[in-house]
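Nothing in this text is a laboratory measurement; each read-out follows from the coordinates by a stated rule. Here the structure is a predicted model, which means the values were calculated and not measured. Every residue, glycine as well, gets a Cβ built from its backbone with ideal geometry; the counts of neighbours run over all protein chains shown.
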Amino acid sequence: MVTGLAYFHPNGTAESSSIRPMGVRVILKEAMALQITPSPALCVSDHTPVSECVRKMRDQKVGSLLIMAHDQPRKMVGIFTERDLLKRIDEIQHGDHWNKPVAHLMTRPVQTLEVGNLFEAGPRMLKEGFRHLPVVHTSEKGPAELIGVISIRDVLALEIRAKEEALSLAKRAPKKGRTPRSRVIHLGQSESPGLQRLVEVAGRTLWLHRDVNPPALNSPKLFTELESADLVFLDLDGLRVTEWTELLRKLNRLPEAPPLILMLTASHHSEPERVTLKALSRSGKWPVFLKPFPVTQVLDQVRELLEISPSRS
């Protein structure tokens, strides 16, 4: 459970902060329900000696420290990890780095992850080779707020739990008359591993991604496949308004049109587009979700459209 951040100051004292904006608390509550949450971050000043940083990591049994500016304790300027220590071990042993400020060895600049995109942590860490990824909340009111840290250990633990749950469900399911997997198709210009993981949490599904580009929009094969789907996610980002409106018309004309969920980043679309999509959402015909999507609401919507009860998932 997230208990706040521990800020270790040069004088050795620690300050705890667990006050979160309401929106962040809601996101974290949703994430906890799906077993992925950032761990509390351990932070030190950039003036802290390397030797003191290593002792804190050993005592707290963590693999990273977030480095804050000595004159701005809430400003993150770097990250110090076990990997940084190993890369510079020869210099530390044969020089005086051991007593130098950690600013000399830390990794900078720091790559971060928005708290609303927690399900993107695993794919991003594997793609970019991170073992620790600070989680932040960015608002229009001020600078990004540090929420915690996701480690590769957290990601692996999540995957192991997911596989264990899948095996448990498979063992409990009757051999005959077993519920077939629902076909879920994601239409978009890029894959969405986080959304895929969320849909897999909802129940037995077969996830398929299909690129949306001008040639594909006119492909009879694509619409034949869509007609056989149990649920379709349409990511509107990157599509011109003429493209996604034409796609919706074609989907609506299918004899057996599948349930459809629309997703978009508000800032990527014009005001008239947002007004139109808001009207569509209010009509109840097609649910529309803004990114970062509300995890619990999307999960409930998927289960409702696929007629999956929480007990089956």
Rough spin-label spacing in nm, given labels placed 7 Å along Cα→Cβ, for Phe223 and Arg88 = 6.1 nm
Convex hull volume of region 186-313 per residue (C-alpha atoms, cubic angstrom) = 104 Å³
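Provide the net charge surrounding Ala279, with neighbours chosen by a C-beta distance below 14 Å and charges set as Lys +1, Arg +1, Asp -1, Glu -1.
Summing Lys/Arg as +1 and Asp/Glu as -1 gives +2.
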request  = Keeping to pairs on different chains or 8 or more places apart, tell me how many lysine pairs in region 202-313 have Cα atoms under 21 Å apart.
outcome  = 4
key: Rounded to 5, percent antiparallel among DSSP beta bridges of region 45-136   = 75 percent
Alpha carbon Rg of region 38-93, scaled by the compact-globule rule 2.2 N^0.38 Å = 1.11
